[in-house]
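The next block holds one structure in the form of structure tokens; read it before the comments.
The values are calculated or read from the model by the stated rules, or taken from the named source; none is laboratory data. Only a predicted model underlies this, so the values are computations on that prediction, with no experimental measurement involved. Cβ: placed from backbone, ideal geometry, glycine included. Neighbour counts: every protein chain shown.
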Amino acid sequence: MSVLITGGAGFIGANFVLDWVANTDEKIINLDKLTYAGNMASLASLQNNPQHVFVQGDIGDDKLLPKLLAEHQPRAVLNFAAESHVDRSIHGPGDFIETNIVGTFRLLESVRGYWQALASEAQQQFRFLHVSTDEVYGSLSPQDPAFSENNKYEPNSPYSASKAASDHLVRAWHHTYGLPVLTTNCSNNYGPLHFPEKLIPLMIVNALAGKPLPVYGDGMQVRDWLYVKDHCSAIRRVLEGGQLGETYNVGGWNEKPNIEIVNTVCALLDEMRPRSDGQSYATQITYVKDRPGHDRRYAIDARKLEKELGWKPAETFETGIRKTVAWYLDNAEWVANVQSGAYREWVTKQYKA
Ligand code: NAD
Ligand code: DAU
């Protein structure tokens, strides 16, 4: 038995692969294009582990995918691959349309071809799990209830619009072709292996480098934070027990304004790695121009997942953020590789030689 994951060299995908290998004996085939966000250094501990098979490639490659599926006969495909950074989607939406929409379409078609040719029992067991985001639901005002699975889709950024489109495709492939799909819509993740373009890792690495900590606008935008390992456990739970065609919201019940997050990171660094001049890292906070179209608040109502599948996060924000800051302090080499771009040389050496 095996499963195929796409985007398994990214932040959440790499955490998922590492947890999968730690928690199961099942083979995991990892298809990743290795864009700037894919980092094989995150999977260095699996280099000689036959349970993990890495393949560099694009989810939209309709020659490669049928070959890979036929060769490995996975019982499930988990689609993590995406362009994921909102700011990049504002500067250049093209890659987001290409991977998140066209790529998902092509992947669905490859998977449909594979699934339709399976023997009936394997066909019944098969699952396509699509990893999506709470951003598809748009922005909440302070008094609105948290997003439930029944909220209407109101995406506001090129990123969230492309993810919303991919969710619709997945839904349509279920209703029209009967493809056995599951979709998860999760809130903001944080934890180890997070690329330092996103809020929390950027604040940690900038603070340690003595650089400004750029807070957009008034810093009062609210996000609902979930420790990445909890997202991974939710995906495993939905894969095993989710109802076909259903979507499950995943969240940590941890709504916090950005400025509070940044102050918490600074306080933890003050405690664990105090600045040599005795000042707080919070003195590096700098308010900068707001993100265009910036969503004000996200919040996830994760009761369906808890009620139907018994899932709950293991970490509180306090335990998760402490582990995260400690991980960045203990993994200076990983951070330095990302910052220098050296992690990309590995790819050139390994795949282009
Ligand atoms: P990431 O940007 O860290 O990683 C994305 C990975 O996908 C990279 O390894 C990249 O190389 C790969 N990739 C990109 N385009 C590809 C293509 N065309 N073919 C194959 N591989 C490709 O993203 P992440 O933060 O790990 O997010 C993973 C998934 O979870 C995404 O679908 C994202 O929308 C979703 N999500 C993320 C969060 C979050 O807070 N990070 C929250 C909810 C949902
Ligand atoms: O909600 C889930 C989404 O969370 C995922 O679908 C996305 O893939 C993921 O990138 C994340 O999107 P956000 O835009 O919420 O994450 P980001 O870390 O970019 O920003 C978090 C908040 O912090 C947001 O309100 C913008 C703000 N911010 C971000 C950066 C990078 C700053 O104030 N300063 C910054 O430098």
TODO: Go through segment 168-194 and give me each residue that's of a type in the set (V, I, T) and either in contact with a strand residue (DSSP E or B) (Cβ under 7 Å, 6 or more places away or on another chain) or buried (at least 22 other Cβ atoms within 10 Å of the Cβ) (or both).
DONE: V170, V181, T183, T184
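Each row is one residue, and each column tells you yes or no for (1) surrounded by fewer than 17 Cβ atoms within 10 Å (Cβ to Cβ); (2) without any contact (Cβ under 8 Å) to a residue 60 or more places away in the chain; (3) under 25 Å from H168 (Cβ atoms).
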{"site": "G251", "(1), (2), (3)": "no, no, yes"}
{"site": "A267", "(1), (2), (3)": "yes, yes, no"}
{"site": "E271", "(1), (2), (3)": "yes, yes, no"}
{"site": "D277", "(1), (2), (3)": "yes, yes, no"}
{"site": "A314", "(1), (2), (3)": "yes, no, no"}
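Matching residues to (1) out of contact with any helix residue (DSSP H, G or I) (no Cβ under 8 Å at 6 or more places or on another chain); (2) assigned to a helix (DSSP H, G or I); (3) buried (at least 17 other Cβ atoms within 10 Å of the Cβ); (4) of a type in the set (D, E):
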residue: I90; (1), (2), (3), (4): no, yes, no, no
residue: E98; (1), (2), (3), (4): yes, yes, no, yes
residue: L107; (1), (2), (3), (4): no, yes, yes, no
residue: E121; (1), (2), (3), (4): yes, yes, no, yes
residue: V136; (1), (2), (3), (4): no, yes, yes, no
residue: N150; (1), (2), (3), (4): yes, no, no, no
residue: P155; (1), (2), (3), (4): no, no, yes, no
residue: A164; (1), (2), (3), (4): no, yes, yes, no
TODO: Take segment 47-82 and flag every residue that is closer than 18 Å to L108 by Cα, within 15 Å of ligand 1 (Cβ to nearest atom) and polar (S, T, N, Q).
DONE: N79
TODO: Name the residue, out of L18, L34, that is crowded, with 19+ Cβ neighbours inside 10 Å and either modelled with pLDDT under 95 or part of a loop (DSSP other than H, G, I, E, B) (or both).
DONE: L34
Open item on the list: Tell me yes or no: at least one residue of segment 38-59 is within 16 Å of ligand 2 (Cβ to nearest atom) and in contact with a Phe, Trp or Tyr (Cβ under 6 Å, 6 or more places away or on another chain).
Closed with: yes
Task: Given (1) without any contact (Cβ under 8 Å) to a residue 60 or more places away in the chain; (2) within 11 Å of ligand 1 (Cβ to nearest atom), number of the condition S42 does not satisfy - done: (1)
Task: Matching residues, segment 201-214, being surrounded by fewer than 22 Cβ atoms within 10 Å (Cβ to Cβ) and touching a residue at least 40 places away in the same chain (Cβ under 8 Å) - done: V205, N206, L208, G210, K211, P212, P214
- [ ] State all residues of segment 199-228 that are aliphatic (A, V, I, L, M) and within 14 Å of ligand 1 (Cβ to nearest atom); if no residue qualifies, say none.
- [x] L199, I200, L202, L226, V228
Task: Qualifying residue in segment 57-66 (condition: touching a residue at least 60 places away in the same chain (Cβ under 8 Å), farther than 17 Å from A9 by Cα and either buried (at least 16 other Cβ atoms within 10 Å of the Cβ) or among the aromatic types (F, W, Y) (or both)) - done: no
Task: Matching entry among R112, R88 (being within 16 Å of ligand 2 (Cβ to nearest atom), among the basic types (K, R) and either over 22 Å from the mean Cα position of the chain (by Cα) or within 27 Å of R291 (Cβ to Cβ) (or both)) - done: R88
Task: Qualifying positions in segment 181-215 - hydrophobic (A, V, I, L, M, F, W, C) and under 30 Å from I235 (Cα atoms) - done: V181, L182, C186, L193, F195, L199, I200, L202, M203, I204, V205
TODO: Specify the residue that is modelled with the lowest pLDDT; the eligible residues are those in segment 296-353 that are more than 30 Å from N150 (Cα to Cα) and touching a strand residue (DSSP E or B) at 6+ places or on another chain (Cβ under 6 Å).
DONE: Y351
Task: Hits in segment 283-297 (condition: in contact (Cβ under 8 Å) with a residue 60 or more places away in the chain and not in a loop (DSSP other than H, G, I, E, B)) - done: Q284, I285, T286, Y287, V288, R297
